[in-house]
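**Q** First the structure, which I've put down as structure tokens, then a few questions once you've had a look.
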């Protein structure tokens, strides 16, 4: 049976670490991950959603709801990843659809995410989910991540 929910305590957050590490290899360990998730939650309302089947977390999404002049109220997906060994089994599809429902339930006007230009399989997935490419994202890194 598939269960999707938000990580609500330290244990649940730490259980998401092995999945998130595949997308964010700069993370050092579970403790650092836990502190970053809690800090982002406090600052920006970041929530960690996960999809679990047979007591194994298969897919994880980090999200936040915010508001700006350009988009109105929106749900932003900071992170979306499925274990590499579990890809192409529909887990990301189910988690994505759950996030869309969550955004609508929270009166969001839009749903947004950025994806690295090199992540071609992810782009195919987002286009299949009827997302549009609406902008180019530009950045300056003041300090390289270690």
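Every number here is computed from the coordinates shown, using simple stated rules; none is lab data. Because the structure is predicted, anything quoted here is derived from the model rather than measured. Reconstructed Cβ throughout: ideal geometry from the backbone, glycine too, with neighbour counts over all protein chains shown.
**Q** Arranged by the count of other C-beta atoms within 10 angstrom, fewest first, what order do 20, 1, 131 take?
**A** Ordered from fewest to most neighbouring Cβ atoms within 10 Å, 20, 1, 131 come out as 1, 131, 20.
**Q** Which shape class, rounded, prolate or oblate, goes with the chain when its Cα gyration tensor gives a ≥ b ≥ c as root eigenvalues, a/c under 1.5 marks rounded, and past that a/b bigger than b/c marks prolate?
**A** rounded
**Q** Then there's this: Have a look at 69, 21, 80 and tell me which one the Gaussian network model of the chain (Cα, springs below 10 Å) gives the largest fluctuation.
**A** Checking each option, the largest mean-square fluctuation is seen for 69.
**Q** Could you line up 136, 112 from fewest to most neighbouring Cβ atoms inside 10 Å?
**A** 136, 112
**Q** Can you compute the helix-only [θ] at 222 nm over the chain? Use -39500 (n - 2.57) per DSSP H run of at least 4 residues, normalise by all residues, nearest 500 deg cm²/dmol.
**A** The per-residue figure over the chain is -10500 deg cm²/dmol.
**Q** Calculate the spin-label point distance for residue 114 paired with residue 84, positioning each point 7 Å from the Cα along the beta-carbon direction, and give it in nanometres.
**A** If labels sit at residue 84 and residue 114, their model points lie 2.4 nm apart.
**Q** What is the ratio of the Cα radius of gyration of region 1-77 to 2.2 N^0.38 Å, with N the residue count, to two decimals?
**A** For region 1-77, the normalised Cα radius of gyration comes out at 1.15.
**Q** I want to verify a result. In a Gaussian network model of the chain, Cα cutoff 10 Å, which of these has the top mean-square fluctuation: 70, 49, 92?
**A** 70
**Q** Going by how many other Cβ atoms sit within 10 Å of their own, how do 36, 104 line up, fewest first?
**A** Lowest to highest Cβ neighbour count: 104, 36.
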